[in-house]
Amino acid sequence: MRKNECLLSTSESLELTIRPLVVADLPRMLDIEHQGYSHPWTEGVFLDCFKTSYRLWGACLGHSLVGYAVVAYVLDEVQLMNLCVHPEGRGRGAGRRLLRHLIAEASRESMNQVLLEARLSNSVANKLYRSEGFEEIGRRPRYYPAPSGREDARVMSLLLHP
Ligand SMILES: CC(C)(COP(=O)(O)OP(=O)(O)OC[C@H]1O[C@@H](n2cnc3c(N)ncnc32)[C@H](O)[C@@H]1OP(=O)(O)O)[C@@H](O)C(=O)NCCC(=O)NCCS
(Lines give C-alpha, C1' and ligand atoms only; values in the text may rest on other atoms or scores of the structure.)
Protein backbone atom coordinates (compact mmCIF):
# COMPACT_ATOMS: atom_id res chain seq x y z
CA MET A 1 0.00 0.00 0.00
CA ARG A 2 1.35 3.47 -0.90
CA LYS A 3 1.85 6.27 1.62
CA ASN A 4 -1.25 8.30 0.63
CA GLU A 5 -3.49 5.26 0.81
CA CYS A 6 -2.25 4.51 4.35
CA LEU A 7 -2.95 8.08 5.39
CA LEU A 8 -6.45 8.11 3.94
CA SER A 9 -7.48 4.88 5.59
CA THR A 10 -6.62 6.29 9.04
CA SER A 11 -7.68 9.89 8.39
CA GLU A 12 -10.89 10.18 10.42
CA SER A 13 -9.30 12.55 12.96
CA LEU A 14 -7.18 14.56 10.49
CA GLU A 15 -8.07 18.19 9.85
CA LEU A 16 -9.39 19.15 6.40
CA THR A 17 -7.69 22.26 5.03
CA ILE A 18 -7.75 24.15 1.72
CA ARG A 19 -4.61 25.61 0.14
CA PRO A 20 -3.44 26.85 -3.28
CA LEU A 21 -1.98 24.12 -5.48
CA VAL A 22 1.57 24.26 -6.86
CA VAL A 23 3.15 22.48 -9.82
CA ALA A 24 4.78 20.01 -7.41
CA ASP A 25 1.24 18.73 -6.62
CA LEU A 26 0.80 17.52 -10.23
CA PRO A 27 1.68 13.82 -9.72
CA ARG A 28 -0.87 13.47 -6.91
CA MET A 29 -3.46 15.49 -8.87
CA LEU A 30 -3.02 13.17 -11.86
CA ASP A 31 -3.43 10.15 -9.59
CA ILE A 32 -6.71 11.58 -8.22
CA GLU A 33 -7.83 12.64 -11.71
CA HIS A 34 -7.35 9.15 -13.14
CA GLN A 35 -9.46 7.66 -10.37
CA GLY A 36 -12.19 10.29 -10.80
CA TYR A 37 -12.96 10.32 -14.51
CA SER A 38 -13.40 7.96 -17.45
CA HIS A 39 -11.75 10.64 -19.65
CA PRO A 40 -9.14 12.29 -17.39
CA TRP A 41 -7.24 15.51 -18.05
CA THR A 42 -3.62 15.10 -19.15
CA GLU A 43 -0.63 16.63 -17.37
CA GLY A 44 -0.42 19.23 -20.15
CA VAL A 45 -3.98 20.40 -19.51
CA PHE A 46 -3.26 20.83 -15.81
CA LEU A 47 0.00 22.65 -16.57
CA ASP A 48 -1.90 25.10 -18.79
CA CYS A 49 -4.01 26.03 -15.74
CA PHE A 50 -1.07 27.33 -13.71
CA LYS A 51 -1.65 30.84 -15.08
CA THR A 52 -2.86 34.10 -13.56
CA SER A 53 -6.37 33.70 -15.00
CA TYR A 54 -6.87 30.43 -13.11
CA ARG A 55 -7.16 29.50 -9.45
CA LEU A 56 -6.24 26.01 -8.28
CA TRP A 57 -7.29 24.89 -4.79
CA GLY A 58 -6.34 21.70 -3.02
CA ALA A 59 -8.13 19.95 -0.15
CA CYS A 60 -5.78 18.22 2.30
CA LEU A 61 -6.46 15.72 5.05
CA GLY A 62 -3.48 16.31 7.26
CA HIS A 63 -0.63 16.70 4.76
CA SER A 64 -2.23 14.45 2.15
CA LEU A 65 -3.87 16.04 -0.90
CA VAL A 66 -7.29 14.39 -1.33
CA GLY A 67 -8.97 16.67 -3.88
CA TYR A 68 -8.79 19.81 -5.95
CA ALA A 69 -10.77 22.47 -7.74
CA VAL A 70 -9.62 24.30 -10.87
CA VAL A 71 -11.39 27.49 -11.90
CA ALA A 72 -10.88 29.94 -14.78
CA TYR A 73 -11.55 33.65 -14.38
CA VAL A 74 -13.04 35.21 -17.53
CA LEU A 75 -14.09 38.87 -17.27
CA ASP A 76 -16.56 38.87 -14.34
CA GLU A 77 -17.30 35.13 -14.51
CA VAL A 78 -15.68 32.15 -12.86
CA GLN A 79 -15.84 28.84 -14.72
CA LEU A 80 -15.47 25.71 -12.60
CA MET A 81 -13.30 23.53 -14.84
CA ASN A 82 -12.62 20.60 -12.55
CA LEU A 83 -13.65 19.42 -9.08
CA CYS A 84 -12.41 16.02 -7.99
CA VAL A 85 -11.86 14.14 -4.73
CA HIS A 86 -9.93 10.88 -4.34
CA PRO A 87 -12.39 7.95 -4.01
CA GLU A 88 -11.01 7.13 -0.54
CA GLY A 89 -11.50 10.74 0.59
CA ARG A 90 -15.09 11.17 -0.60
CA GLY A 91 -18.12 11.70 1.59
CA ARG A 92 -16.12 13.61 4.23
CA GLY A 93 -16.94 17.15 3.10
CA ALA A 94 -13.87 17.84 0.92
CA GLY A 95 -15.91 18.48 -2.24
CA ARG A 96 -18.26 20.88 -0.47
CA ARG A 97 -15.38 22.68 1.25
CA LEU A 98 -13.59 23.17 -2.07
CA LEU A 99 -16.78 24.45 -3.68
CA ARG A 100 -17.49 26.87 -0.83
CA HIS A 101 -13.89 28.07 -0.88
CA LEU A 102 -13.81 28.81 -4.61
CA ILE A 103 -17.16 30.63 -4.31
CA ALA A 104 -15.89 32.72 -1.39
CA GLU A 105 -12.69 33.57 -3.26
CA ALA A 106 -14.62 34.48 -6.40
CA SER A 107 -16.85 36.73 -4.36
CA ARG A 108 -13.86 38.29 -2.58
CA GLU A 109 -12.36 39.06 -6.00
CA SER A 110 -15.65 40.78 -7.01
CA MET A 111 -16.64 38.22 -9.63
CA ASN A 112 -20.35 38.15 -10.49
CA GLN A 113 -21.11 34.55 -11.36
CA VAL A 114 -19.81 30.99 -11.05
CA LEU A 115 -20.64 28.70 -14.00
CA LEU A 116 -20.15 24.97 -14.38
CA GLU A 117 -21.12 21.95 -16.45
CA ALA A 118 -21.96 18.52 -15.09
CA ARG A 119 -22.99 15.25 -16.69
CA LEU A 120 -26.74 14.68 -16.32
CA SER A 121 -25.93 11.25 -14.84
CA ASN A 122 -23.59 12.67 -12.16
CA SER A 123 -26.16 12.69 -9.39
CA VAL A 124 -23.64 13.26 -6.56
CA ALA A 125 -22.19 16.37 -8.23
CA ASN A 126 -25.61 17.68 -9.29
CA LYS A 127 -26.93 17.30 -5.74
CA LEU A 128 -23.86 19.03 -4.29
CA TYR A 129 -24.12 22.00 -6.69
CA ARG A 130 -27.87 22.47 -6.13
CA SER A 131 -27.40 22.34 -2.37
CA GLU A 132 -24.92 25.23 -2.63
CA GLY A 133 -27.42 27.33 -4.60
CA PHE A 134 -26.52 26.60 -8.22
CA GLU A 135 -29.43 26.60 -10.69
CA GLU A 136 -29.69 25.02 -14.10
CA ILE A 137 -29.54 27.62 -16.88
CA GLY A 138 -29.28 25.30 -19.89
CA ARG A 139 -28.00 22.08 -21.42
CA ARG A 140 -25.22 21.25 -23.86
CA PRO A 141 -26.36 18.28 -25.98
CA ARG A 142 -23.83 15.47 -26.43
CA TYR A 143 -21.15 17.48 -24.60
CA TYR A 144 -19.28 14.61 -22.91
CA PRO A 145 -17.85 11.35 -24.27
CA ALA A 146 -19.67 8.38 -22.77
CA PRO A 147 -19.35 4.57 -22.96
CA SER A 148 -22.24 4.39 -25.45
CA GLY A 149 -21.82 7.57 -27.51
CA ARG A 150 -22.17 11.03 -25.94
CA GLU A 151 -23.87 12.51 -22.87
CA ASP A 152 -25.55 15.90 -22.33
CA ALA A 153 -24.17 18.48 -19.90
CA ARG A 154 -26.27 20.44 -17.44
CA VAL A 155 -25.08 24.07 -17.31
CA MET A 156 -25.45 25.58 -13.86
CA SER A 157 -24.95 29.07 -12.50
CA LEU A 158 -24.58 30.75 -9.13
CA LEU A 159 -25.00 34.54 -9.04
CA LEU A 160 -22.64 36.03 -6.46
CA HIS A 161 -23.95 39.60 -6.30
CA PRO A 162 -27.60 39.36 -7.40
C1 LIG B 1 -18.46 15.15 -6.78
C2 LIG B 1 -17.34 14.98 -5.76
C3 LIG B 1 -16.29 16.05 -6.00
C4 LIG B 1 -17.92 15.14 -4.34
O5 LIG B 1 -16.85 15.11 -3.43
P6 LIG B 1 -17.03 14.63 -1.90
O7 LIG B 1 -15.83 15.06 -1.15
O8 LIG B 1 -17.39 13.20 -1.83
O9 LIG B 1 -18.30 15.49 -1.46
P10 LIG B 1 -18.75 15.84 0.02
O11 LIG B 1 -18.28 14.81 0.98
O12 LIG B 1 -18.41 17.26 0.30
O13 LIG B 1 -20.32 15.70 -0.11
C14 LIG B 1 -21.06 16.72 -0.73
C15 LIG B 1 -22.44 16.24 -1.09
O16 LIG B 1 -22.38 15.34 -2.17
C17 LIG B 1 -23.40 14.37 -2.03
N18 LIG B 1 -22.80 13.07 -1.88
C19 LIG B 1 -21.52 12.78 -1.51
N20 LIG B 1 -21.30 11.47 -1.57
C21 LIG B 1 -22.45 10.91 -1.96
C22 LIG B 1 -22.87 9.57 -2.23
N23 LIG B 1 -22.04 8.54 -2.07
N24 LIG B 1 -24.13 9.38 -2.64
C25 LIG B 1 -24.98 10.40 -2.82
N26 LIG B 1 -24.65 11.69 -2.59
C27 LIG B 1 -23.41 11.93 -2.16
C28 LIG B 1 -24.19 14.75 -0.79
O29 LIG B 1 -25.22 15.65 -1.18
C30 LIG B 1 -23.16 15.47 0.00
O31 LIG B 1 -23.69 16.37 0.90
P32 LIG B 1 -24.13 15.88 2.37
O33 LIG B 1 -22.98 15.09 2.93
O34 LIG B 1 -24.36 17.16 3.11
O35 LIG B 1 -25.36 15.06 2.18
C36 LIG B 1 -16.72 13.54 -5.83
O37 LIG B 1 -17.76 12.60 -5.79
C38 LIG B 1 -15.86 13.29 -7.07
O39 LIG B 1 -14.68 13.64 -7.09
N40 LIG B 1 -16.45 12.65 -8.11
C41 LIG B 1 -15.68 12.32 -9.33
C42 LIG B 1 -15.35 13.56 -10.13
C43 LIG B 1 -16.61 14.35 -10.45
O44 LIG B 1 -17.62 13.81 -10.85
N45 LIG B 1 -16.50 15.68 -10.29
C46 LIG B 1 -17.60 16.61 -10.59
C47 LIG B 1 -17.58 16.95 -12.03
S48 LIG B 1 -18.95 18.03 -12.46
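The values are calculated or read from the model by the stated rules, or taken from the named source; none is laboratory data. This one's a predicted model, so the numbers in the text were calculated from it and none came from an experiment. Surface accessibility is based on the protein's heavy atoms, side chains included, excluding ligands, DNA and RNA. Shrake-Rupley method; radii C 1.70, N 1.55, O 1.52, S 1.80 Å.
With the chain treated as a Gaussian network of Cα nodes joined by springs under 10 Å, which of Val45, Val71, Val85 yields the largest mean-square fluctuation?
The residue that fluctuates most here is Val45.
Rounded to the nearest 5, what % of the DSSP beta bridges within the chain are antiparallel ones?
Taking every DSSP beta bridge with both residues in the chain, the antiparallel ones total about 90 percent.
Please work out the Cα center distance from segment 46-63 to segment 79-157, rounded to the nearest Å.
16
Could you tell me the extents of segment 67-162's C-alpha atoms along the three principal axes, largest first, rounded to whole Å?
In descending order, the Cα extents are 41, 31, 21 Å.
Out of the total accessible area of the chain (probe 1.4 Å, heavy atoms of protein only), what percent is carbon and sulfur?
Roughly 53 percent, rounded to a whole number.
Read phi for every residue in segment 122-136 and hand back ³J(HN,Hα) as whole Hz from Karplus 6.51 cos²θ - 1.76 cosθ + 1.60, θ = phi - 60°, with x for Gly and Pro.
Those phi angles translate into 7, 5, 4, 5, 4, 5, 4, 5, 4, 5, 9, x, 5, 10, 5 Hz.
Once amide H atoms are placed 1.01 Å from N in the peptide plane, what residues at a sequence separation of 5 or more from Gln113, or on another chain, have their amide H within under 5 Å of its amide H?
For Gln113, whose amide H was placed from the backbone, the distant partners under 5 Å are Val78, Leu160.
For the chain, find the longest principal axis of its Cα atoms and tell me its angle to the long axis of helix 26-36, 0 to 90°, nearest 10.
The two axes meet at around 70 degrees.
Over segment 21-141, what relative contact order in percent results from Cα pairs under 8 Å that are six or more residues apart? Before the final figure, lay out each step's value.
Numbers: 146 pairs, mean separation 23.1, N = 121.
Relative contact order here is 19 percent.
Semi-axes, largest first, in whole Å: what does sqrt of 5 times each Cα gyration tensor eigenvalue give for the chain?
Largest first, the chain gives 24, 19, 16 Å.
With angles folded into 0 to 90 degrees, how steeply does helix 94-108 sit against the dominant principal axis of the chain? Use alpha carbons for both and round to 10.
Here the helix axis deviates by roughly 50 degrees.
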